[in-house]
Amino acid sequence: MEVNDLLSVVDWSRAQFAMTAIYHWLFVPLTLGLGFIIAFMETIYYKTGDEFWKRTTKFWMRLFGINFAIGVATGIILEFEFGTNWSNYSHFVGDIFGAPLAIEGIMAFFMESTFIAIMFFGWNKVSKGFHLAATWLTAIGANLSALWILVANAWMQYPTGTAFNVETARNEMTSFWDVLFSPVAINKFLHTTTSGYVLAAVFVVGVSAWFLIRKRDQKMARYSMVIASTFGLVSALFLAFTGDSSGVDIAKTQPMKLAAMEAHYDGEHAAPLVAFGILKPDEDRSCNDDAFHWKIQIPKMLSVLSFHDPEAFVPGINDLLYGNPQQGILSTQEKIDRGRIAIQELAVYRDAKQRGDTAAMQRVMAKFDAQTAEGRAFLDSYYRYFGYGYLSSPQETVPDVPLVFYSFRVMVGAGVYFIALFAVLLVLLYRRTLDQYRWLLWITLWSIPVAYIASQAGWIVAEVGRQPWVVQDLLPTVAAVSRIDSGSVIVTFCIFVALFTTLLIAEIAIMVRQIKIGPEKN
């Protein structure tokens, strides 16, 4: 494959996967949160026997079902793309990445599929208790699906619990529990699912606000708002806590992502946090003083959030690119050189294997043996930078700084806004004065797209911020992509755009129609 076509395949494959993931994540977060909100409502019906709560539950359940069905379709295509567009990645880490995906398919997906049928079609066919259990298990199953997907994604951000097999040139799992319970995986799961809870709560209060504006089904709207606002406020506060923990993980495991999030070019002790700022064009940004047209900073806050130490040193983009010996930071070029040595050792092994030179093969294998002092030294000094050996320039390790910087502030700003919105709604609902603030109802309704934008912004920070890595430090996109013709990727990209856009339009149309119909009447 020619170099130009390879680069085109990488770009189009990235674009296709990003597009599929964006569409998929339009459906997933609502499923994660709305399932629990429905379960809370049905629990009240189970306890009280009040038919009002049954009608309310069934109304929100219809919207849940529409969203769930379309989300499954996009998710299946997303997983297939690992094999079609990223086959080298699948070969290199399939032993690790495939395990959580397999568990997700066997346990969580079948759990959802089994109990969602009872949830939708089991009214008056099974006991109230059994139906309630099916509803809760559907909600739990959706979140278990998310758990295994997010564990796999967290491993890509922070590979652990694995060892490199020289003979197969693959990473193989050594500890399932290290993969499952790594701090990055735990925080990734908690932060991502909680963001789904917040989005679902915003969706419910927004739709309920529409009913109040139209003066329709006002009892259903108010009670739905109370449940969703309470659920949303608790979730939003917990989301802020998990966001802080995720920031600490990023500072330790992905310092370049952190530097891009803050447009932090020069490392410093007691580093300030940029609360707001307008970045200069790329060619004008070379240091902290030249990075912004203007900015508002909070002294020492970046050090506090990154390391919980107001005097801690936070490396910048320049430190990570060019090295900082005082802080023990290697330059990216040094990492590239070391990565190429590790790649060369694999070439030596393959050549020796072809010649049948057992002694040469054993010498290489000894260098990758984590059980010996020689192996541990080589793995720590060279193999840990394996992926850098595929890069042609240190600048490739710098992600799109403006996109990451602004996306991070959209995400955080929206989170603060939602905390305030839920709190205000609860106060006014308690005082029974919400109807007096029609402007607030309109704001609540139009908060629904804000929640989706914030959710997408979070994934932009997570995924764009770690580029060019598919697996952090071990496998860049250029080495992970399938060796296929770029034309086929372009064709499927266009097909998927048309298909997913059609599905999205269909879902919105069906959702709007069902909302206009409203809950069942007596």
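What number of residues in the stretch 117-136 are open to solvent by 50 Å² or more (accessible area, probe 1.4 Å) and part of a helix (DSSP H, G or I)?
Number of matching residues: 5.
Inspect all residues belonging to the stretch 399-408 and state whether any of them is assigned to a helix (DSSP H, G or I) and of a type in the set (D, E, K, R).
No, the stretch 399-408 contains no residue that is assigned to a helix (DSSP H, G or I) and of a type in the set (D, E, K, R).
Conditions (1) without any contact (Cβ under 8 Å) to a residue 40 or more places away in the chain; (2) in contact with a strand residue (DSSP E or B) (Cβ under 9 Å, 6 or more places away or on another chain), marked per residue:
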{"site": "GLY49", "(1), (2)": "yes, no"}
{"site": "THR74", "(1), (2)": "no, no"}
{"site": "GLU81", "(1), (2)": "no, no"}
{"site": "VAL93", "(1), (2)": "no, yes"}
{"site": "PRO100", "(1), (2)": "no, no"}
{"site": "VAL126", "(1), (2)": "yes, no"}
{"site": "ALA142", "(1), (2)": "no, no"}
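In the stretch 137-165, which residue that is β-branched (Val, Ile, Thr) and surrounded by fewer than 19 Cβ atoms within 10 Å (Cβ to Cβ) is farthest from TYR349 (Cα to Cα)?
In this case the residue turns out to be ILE140.
Run down GLU167, GLU172 and say which single residue is in a strand (DSSP E or B), at negative phi, modelled with pLDDT under 90 and out of contact with any Phe, Trp or Tyr (no Cβ under 6 Å at 6 or more places or on another chain).
Unique residue meeting the criteria: GLU172.
Every residue in the stretch 280-328 that is of a type in the set (A, V, I, L, M), touching a residue at least 40 places away in the same chain (Cβ under 8 Å) and over 19 Å from VAL401 (Cβ atoms), please.
ALA312
Residues are listed down the side, and each one gets a yes or a no for (1) at pLDDT below 90; (2) surrounded by fewer than 17 Cβ atoms within 10 Å (Cβ to Cβ):
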residue: ARG363; (1), (2): yes, yes
residue: TYR382; (1), (2): no, no
residue: GLN395; (1), (2): no, yes
residue: ASP400; (1), (2): no, yes
residue: PRO449; (1), (2): no, yes
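Residues checked against (1) part of a helix (DSSP H, G or I); (2) more than 16 Å from PHE36 (Cβ to Cβ); (3) open to solvent by 10 Å² or more (accessible area, probe 1.4 Å):
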{"site": "ALA200", "(1), (2), (3)": "yes, no, no"}
{"site": "GLY206", "(1), (2), (3)": "yes, yes, no"}
{"site": "LEU212", "(1), (2), (3)": "yes, yes, no"}
{"site": "ALA221", "(1), (2), (3)": "yes, yes, no"}
{"site": "THR230", "(1), (2), (3)": "yes, no, yes"}
{"site": "PHE238", "(1), (2), (3)": "yes, no, yes"}
{"site": "GLY243", "(1), (2), (3)": "yes, yes, yes"}
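In this structure, is ALA169 touching a helix residue (DSSP H, G or I) at 6+ places or on another chain (Cβ under 9 Å), hydrophobic (A, V, I, L, M, F, W, C) and open to solvent by less than 10 Å² (accessible area, probe 1.4 Å)?
no
When you go through ALA509, ALA479, ALA498, ALA454 one by one, which is the residue that is surrounded by 17 or more Cβ atoms within 10 Å (Cβ to Cβ), part of a helix (DSSP H, G or I), of a type outside the set (Ser, Thr, Tyr) and out of contact with any Phe, Trp or Tyr (no Cβ under 7 Å at 6 or more places or on another chain)?
Exactly one of ALA509, ALA479, ALA498, ALA454 is surrounded by 17 or more Cβ atoms within 10 Å (Cβ to Cβ), part of a helix (DSSP H, G or I), of a type outside the set (Ser, Thr, Tyr) and out of contact with any Phe, Trp or Tyr (no Cβ under 7 Å at 6 or more places or on another chain), namely ALA454.
The values are calculated or read from the model by the stated rules, or taken from the named source; none is laboratory data. Model, not experiment: these values are computed from the prediction. Don't worry about glycine lacking a Cβ; one is built from the backbone with ideal geometry, like all the others, and counts go over all protein chains shown. The area values use the complete protein model at the heavy-atom level, side chains included, leaving out ligands, DNA and RNA. Shrake-Rupley method; radii C 1.70, N 1.55, O 1.52, S 1.80 Å.
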